[in-house]
Amino acid sequence: MERTLLFSLLFFTCYSLQAQTNEVTLTYQPSSNVVIEYAKNKGVFVACPDVKTDNKTKKTTVEWHPTNMEWIKDYCTPTGFDKEEDYMKIFPELSDVQLDEQNFVPMSWRLTGEGGETVLHCYIRMPADEMTNMWLTGEEACLLDRETGVQYRVRRTEPDTYRKHFDIKANKGDVIDMKIIFPPLPATTKEVTIYGVPNWSLMGTTVPIRHEIHGTVSYQNYDTIPQFHRPNMKLEHMYENKPYDKQNWNTWKVMTDAHLIKPLQDGTMALWRTPEATYVAVGYEQNWTTEYFDFRQGTMLVDEAGHQYKLREILGVPKDELFFMEGCSGDYIAFLLVFDPLPLSVSSITFSEPDSEPFGAWGANWSGTVIPNISIQQLRDNQQLFDYLPRVIVK
């Protein structure tokens, strides 16, 4: 009868394997004078290789770490690398002090729509005046639309380093902007997976797509508070009139009259934002007339910048206390979790649930859960799945 708080987004899709590749010519073109920011990340921090200094010229050099493309021998020393002067504005969470004091190089990136194409900007802050043995990408570079399965393959790189190792000459501390160009993404794109950029750890990384134009986000308005049926307590204790004891299920509360919904994938989630709170609905299939649930203290939402939004309550049921929910097998029910308010600027969240202390019950599971990069837009699109649907029984 045990249930724990495990979330999914109903992203299960069936694919047919085909022996052929379908190539499509795309005609969608965003305005050529508009820059749309789809996604960005300060990136992983890579240990800086040893920097060598020429005693005569005082110039510094560094050889970048080998990649798994060492078998490709093509090499070049291109010119025309762009320098990103607004790097600290793009990634305000970084600071010059942090960057100067640490022996690590942040591999930051930014995905944009500009000039009728999609551009993956790969940034690197020069740890020396010259960097050798760098690798950007080759034929593996691809953006995969998670919803449609369409692949947007690499067109070119700027400057031309495609499928080559190369050197970069600049000044130590300069931020170099290397670009990988793809076909344009349709305006309906919600989520893509990025492949083929190993030094930036983009080898199957999935990111939600937002639309930020000229640095101004097209934020949506706040939602209204969702109207959920509030469960009632049927029994203060299952069988034994004793204080709550996690190890004794006879002392757990028994709830009834859950919020009923139409059938959906177990663990499906929706979200509403208001100025006062964030509401997250979670749906479950009820397989037994009585099942137990667990919503734990320390459960939180975490945004892209690392800010935490704590769980305040679960509408009508206990928090950090195991309880029974009584209903009918075949019911689909939903719980409404209330968190601290999320700003409208947040486009994705990580759900974090801590481990629980072991407890004695059939099928007990006390492991925690961390689910990263959950799209806010997808959660809001799921709101209509949680309309109340009264139970209908035919005998």
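The values are calculated or read from the model by the stated rules, or taken from the named source; none is laboratory data. Owing to the predicted nature of the structure, the values given are computational and were not obtained by experimental measurement. For neighbour counting, all protein chains shown are included, and Cβ atoms are generated from backbone atoms with ideal geometry for every residue, glycine included. Protein only, heavy atoms only, side chains kept; ligands, DNA and RNA dropped before computing areas. Shrake-Rupley method; radii C 1.70, N 1.55, O 1.52, S 1.80 Å.
Considering Arg210, Arg230, which residue is of a type outside the set (Ser, Thr, Tyr), surrounded by 15 or more Cβ atoms within 10 Å (Cβ to Cβ) and in contact (Cβ under 8 Å) with a residue 60 or more places away in the chain?
Details: Arg230 fails: surrounded by 15 or more Cβ atoms within 10 Å (Cβ to Cβ).
That would be Arg210, the only listed residue that is of a type outside the set (Ser, Thr, Tyr), surrounded by 15 or more Cβ atoms within 10 Å (Cβ to Cβ) and in contact (Cβ under 8 Å) with a residue 60 or more places away in the chain.
Which residues, taken from region 51-89, are assigned to a strand (DSSP E or B) and within 18 Å of His121 (Cβ to Cβ)? Explain how you work it out, then say what you get.
Pass one, region 51-89, residues assigned to a strand (DSSP E or B): 51-53, 60-63, 75-76, 82-83.
Correct list: Asp82, Lys83.
For every residue, the table says whether it meets (1) under 26 Å from Gly368 (Cα atoms); (2) out of contact with any Gly (no Cβ under 6 Å at 6 or more places or on another chain); (3) of a type outside the set (A, V, I, L, M).
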{"position": "Pro226", "(1), (2), (3)": "no, yes, yes"}
{"position": "Pro231", "(1), (2), (3)": "yes, no, yes"}
{"position": "Lys242", "(1), (2), (3)": "no, yes, yes"}
{"position": "Met255", "(1), (2), (3)": "yes, yes, no"}
{"position": "Gly267", "(1), (2), (3)": "yes, yes, yes"}
{"position": "Thr278", "(1), (2), (3)": "yes, yes, yes"}
{"position": "Gln286", "(1), (2), (3)": "yes, no, yes"}
{"position": "Thr299", "(1), (2), (3)": "yes, yes, yes"}
{"position": "Ile314", "(1), (2), (3)": "yes, yes, no"}
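Mind checking which residues of region 332-347 are more than 20 Å from Pro275 (Cβ to Cβ) and open to solvent by 10 Å² or more (accessible area, probe 1.4 Å)? Quick ask: steps written out before the conclusion?
Restricting attention to region 332-347, the residues satisfying the condition of being more than 20 Å from Pro275 (Cβ to Cβ) are 332-335.
Matches in region 332-347: Tyr332 only.
Using beta carbons and a limit of 7 Å, which pairs, at least six apart or on different chains, have the first residue in region 234-247 and closer than 16 Å to Thr289 by Cα and the second one part of a loop (DSSP other than H, G, I, E, B) and open to solvent by less than 100 Å² (accessible area, probe 1.4 Å)?
Met238/Trp252
Condition check ((1) of a type in the set (D, E, K, R); (2) buried (at least 16 other Cβ atoms within 10 Å of the Cβ)) across all residues:
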position	(1), (2)
Asp245	yes, no
Asn250	no, no
Val254	no, yes
Asp266	yes, yes
Ala281	no, yes
Arg296	yes, yes
Met300	no, yes
Gln308	no, no
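Spot the failing condition for Asp74; the list is (1) open to solvent by less than 100 Å² (accessible area, probe 1.4 Å); (2) in contact with a helix residue (DSSP H, G or I) (Cβ under 7 Å, 6 or more places away or on another chain); (3) of a type outside the set (Val, Ile, Thr); (4) over 19 Å from Gly173 (Cα atoms), and only one is missed.
That leaves (2) as the condition not met.
Return yes when Trp272 is assigned to a loop (DSSP other than H, G, I, E, B) and hydrophobic (A, V, I, L, M, F, W, C) and no when it is not. Steps first, please.
On the way: assigned to a loop (DSSP other than H, G, I, E, B): no; hydrophobic (A, V, I, L, M, F, W, C): yes.
No; evaluated as a whole, the condition is false for this residue.
Kindly state which strands (runs of 3 or more DSSP E) lie completely within region 136-203 and contain at least 2 residues that are within 24 Å of the chain's Cα centre (by Cα). Give the steps one after another, and end with the answer.
Details: elements: 142-145, 151-153, 156-158, 165-169, 175-182, 191-195.
Answer list for region 136-203: 142-145, 151-153, 175-182, 191-195.
Out of (1) at pLDDT 95 or above; (2) of a type outside the set (D, E, K, R); (3) touching a Cys at 6+ places or on another chain (Cβ under 9 Å), the odd one out for Phe335 is which?
(3)
What number of residues in region 304-348 are within 22 Å of the chain's Cα centre (by Cα), without any contact (Cβ under 8 Å) to a residue 60 or more places away in the chain and assigned to a strand (DSSP E or B)?
Counting residues in region 304-348 that are within 22 Å of the chain's Cα centre (by Cα), without any contact (Cβ under 8 Å) to a residue 60 or more places away in the chain and assigned to a strand (DSSP E or B) gives 5.
So Gly204 ticks every box in (1) touching a Ser or Thr at 6+ places or on another chain (Cβ under 7 Å); (2) open to solvent by less than 30 Å² (accessible area, probe 1.4 Å) but one. Which box is left unticked?
(2)
Within region 147-169, which residues are at pLDDT below 95 and open to solvent by less than 80 Å² (accessible area, probe 1.4 Å)?
Gly149, Val150
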